[in-house]
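A.B. asks: Input: one structure, supplied below.
The values are calculated or read from the model by the stated rules, or taken from the named source; none is laboratory data. These numbers were taken from a predicted model, which means no experiment stands behind them. Cβ: placed from backbone, ideal geometry, glycine included. Neighbour counts: every protein chain shown. Accessible surface is based on the protein model in full, side chains and every heavy atom, while ligands, DNA and RNA are left aside. Shrake-Rupley method; radii C 1.70, N 1.55, O 1.52, S 1.80 Å.
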Amino acid sequence: MKAFMQKYDKNSDGKIEMAELAQILPTEENFLLCFRQHVGSSAEFMEAWRKYDTDRSGYIEANELKGFLSDLLKKANRPYDEPKLQEYTQTILRMFDLNGDGKLGLSEMSRLLPVQENFLLKFQGMKLTSEEFNAIFTFYDKDGSGYIDENELDALLKDLFEKNKKEMNIQELTNYRKSVMSLAEAGKLYRKDLEIVLCSETPL
């Protein structure tokens, strides 16, 4: 530990700064760590995302990425110049469009969010199959509208926790609800958006 601190704690203040930490991490994690400083809340992220994912497929096209990132940075009041935006765009394309099909998925792109804002991380280890998800969503979407509201989400989350034999207190429920409702539009949580969070095998 002492040798580690001597190597990376350049200003000898006993702490590893962001810039110092960036030297240690692999390139991809290094980039994510730095980019997350420029991103606001998950609600802002989803607001920018919806502008481009108009068919709610859970994907945006690679040629829309630059506009998406520009909107995201503007919402967070982060100044940027054109070369920097181009650099962000190219780096994220390399990281996330691994098969070169020109599509970028919400589940991958959510890694751009700070960890405490990432709605997907909260449901690791509690994923549903497509059949389980469809059954539970249909149960709560009683009028077949294709979306549920915040009250119905509470009941759905409680069911999900019980299914996974996990305890949940009121504070946790509030936190989970807040995370998931960042995906909602005008208080409506649509099937496709919720599927991305809760389903282990989100279809293309």
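A.B. asks: Of the residues in the range 80-116, how many are in a helix (DSSP H, G or I) and charged (D, E, K, R)?
C.D. replies: Count: 6.
A.B. asks: Consider E47 carefully, then state whether it is open to solvent by less than 60 Å² (accessible area, probe 1.4 Å) and either of a type outside the set (A, V, I, L, M) or at pLDDT below 85 (or both).
C.D. replies: Details: open to solvent by less than 60 Å² (accessible area, probe 1.4 Å): no; either of a type outside the set (A, V, I, L, M) or at pLDDT below 85 (or both): yes.
The answer is no for E47.
A.B. asks: Evaluate the range 76-92: report whether one residue or more is at pLDDT below 80 and either of a type in the set (V, I, T) or within 23 Å of D193 (Cα to Cα) (or both).
C.D. replies: Scanning the range 76-92, I find at least one residue that is at pLDDT below 80 and either of a type in the set (V, I, T) or within 23 Å of D193 (Cα to Cα) (or both), so the answer is yes.
A.B. asks: Is the range 3-25 home to any residue that is at pLDDT 55 or above and closer than 16 Å to M109 by Cβ?
C.D. replies: Looking through the range 3-25, none of the residues is at pLDDT 55 or above and closer than 16 Å to M109 by Cβ.
A.B. asks: OK, next. Does at least one position in the range 104-112 carry a residue that is at pLDDT 80 or above, farther than 30 Å from E162 by Cα and either open to solvent by 70 Å² or more (accessible area, probe 1.4 Å) or outside the structural domain of S42 (by the TED database) (or both)?
C.D. replies: no
A.B. asks: Against the conditions (1) modelled with pLDDT of 85 or more; (2) surrounded by 13 or more Cβ atoms within 10 Å (Cβ to Cβ); (3) closer than 15 Å to L194 by Cβ, where does A135 fall short? Just the number, please.
C.D. replies: (2)
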